1. Give the residues of the range 85-113 that are more than 15 Å from the ligand (Cβ to nearest atom), over 22 Å from residue 164 (Cα atoms), out of contact with any helix residue (DSSP H, G or I) (no Cβ under 7 Å at 6 or more places or on another chain) and modelled with pLDDT of 95 or more, sorted by residue number.
2. Kindly establish whether residue 264 is within 15 Å of the ligand (Cβ to nearest atom), modelled with pLDDT of 95 or more and surrounded by fewer than 22 Cβ atoms within 10 Å (Cβ to Cβ).
3. Can you pull out every residue in the range 116-136 that is out of contact with any strand residue (DSSP E or B) (no Cβ under 8 Å at 6 or more places or on another chain), within 11 Å of the ligand (Cβ to nearest atom) and either closer than 24 Å to residue 200 by Cβ or not in a loop (DSSP other than H, G, I, E, B) (or both)?
4. Looking only at the range 224-244, decide whether some residue is away from the ligand (no atom under 12 Å from the Cβ) and either out of contact with any helix residue (DSSP H, G or I) (no Cβ under 8 Å at 6 or more places or on another chain) or free of Cβ contacts under 8 Å to residues at least 24 places away in the same chain (or both).
5. Among the residues that make up the range 95-102, is at least one of them touching a residue at least 60 places away in the same chain (Cβ under 8 Å) and more than 24 Å from residue 223 (Cα to Cα)?
6. Go through the range 137-153 and report how many residues are surrounded by 14 or more Cβ atoms within 10 Å (Cβ to Cβ) and assigned to a helix (DSSP H, G or I).
7. Of the residues that make up the range 190-200, is at least one in a loop (DSSP other than H, G, I, E, B), in contact (Cβ under 8 Å) with a residue 12 or more places away in the chain and away from the ligand (no atom under 15 Å from the Cβ)?
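The values are calculated or read from the model by the stated rules, or taken from the named source; none is laboratory data. Because the structure is a prediction, the values reported are computed rather than measured. Backbone-built Cβ (ideal geometry, glycine too); neighbour counts: all protein chains shown.
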Ligand SMILES: *Cc1c(COP(=O)(O)O)cnc(C)c1O
């Protein structure tokens, strides 16, 4: 790997194929993939329906740019916003890009630039999204950040009410902080956010890049809270492995992004839309979402039954579950890999469990068995 930048501490596993929850390396060893490529392969690897959608589209049309009308984008926008206050969508290619669009939309709409964010948040690696991210380690070495962001302590009502005023354009948050340790917004905090938003006319931007598209057992995570966003951002699970991001916004914001105001060459590319439409058609089926909730409850119950409560506690919701440990969990991730279970951390002390939404109870049992071997 001499010609490749070293900006990832890569694991020494070369994965060559995947089917459902199982991935196989170049030695033929199989692993249960409880990372889903960081919450991306929502329907598992090589799901026949998305393979078919991609194959069919690849023989018709790959790319036309956003200079032409797209009934396919309109259909996906309708599917994403059905029965919601968020009425309009625009498509891009990643989570960071969706957040950049949200930052621009909020600033242009309000004519203000101050945006309140939260410690331990993660919003992406581009300049605006990096500035919005409430973790110093992400920003190190890159010089002065964009000034308009202030990261407040998460779930701290007093800090929020102190910082909110009529100069604030937007509040931006994750309902469950994925990268930052699987920390959920508390009901009282959600209430306080809604109060300051209404009082000062602040826009609410919810970053659903990790939590959206069924990951929490509802279409979007905010549906399980008192939060009523003006803008949400999506990516990761939306494309089931094909790169796509999206921003959804309420009616009031429609006029702010008129022709020429914002754009992207690849965003909403026909291949990405064909795959994402198939993902959304599957995941937004109420029976599918209910199954995610059932599997979540089952997974948590099985984990609670084996993990000693004095050392480990569970966090999160749906199929974004964190195991918080008193000790650093790096070695656990390595041992799990040896035993055939792929995991990702969320900070130093939290094991993040992100299986495909299609995971079976038998696969959950297998994963719990491996975790028990290592942790107990
Ligand atoms: C992964 C992530 C992002 C960044 O998405 P990219 O596609 O990597 O740019 C933004 N916000 C949240 C909550 C994420 O989990």
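1. The one that is more than 15 Å from the ligand (Cβ to nearest atom), over 22 Å from residue 164 (Cα atoms), out of contact with any helix residue (DSSP H, G or I) (no Cβ under 7 Å at 6 or more places or on another chain) and modelled with pLDDT of 95 or more: 86.
2. yes
3. Selection gives 129, 130.
4. Within the range 224-244, one or more residues are away from the ligand (no atom under 12 Å from the Cβ) and either out of contact with any helix residue (DSSP H, G or I) (no Cβ under 8 Å at 6 or more places or on another chain) or free of Cβ contacts under 8 Å to residues at least 24 places away in the same chain (or both).
5. Checked against the condition, which is being touching a residue at least 60 places away in the same chain (Cβ under 8 Å) and more than 24 Å from residue 223 (Cα to Cα), the range 95-102 yields no hits at all.
6. 2
7. Among the residues of the range 190-200, not one is in a loop (DSSP other than H, G, I, E, B), in contact (Cβ under 8 Å) with a residue 12 or more places away in the chain and away from the ligand (no atom under 15 Å from the Cβ), which makes the answer no.
Table: residues versus (1) under 30 Å from residue 55 (Cβ atoms); (2) in the same structural domain as residue 94 (by TED's automatic domain parsing).
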{"residue": "252", "(1), (2)": "no, yes"}
{"residue": "271", "(1), (2)": "yes, yes"}
{"residue": "293", "(1), (2)": "no, no"}
{"residue": "296", "(1), (2)": "no, no"}
{"residue": "313", "(1), (2)": "no, no"}
{"residue": "324", "(1), (2)": "no, no"}
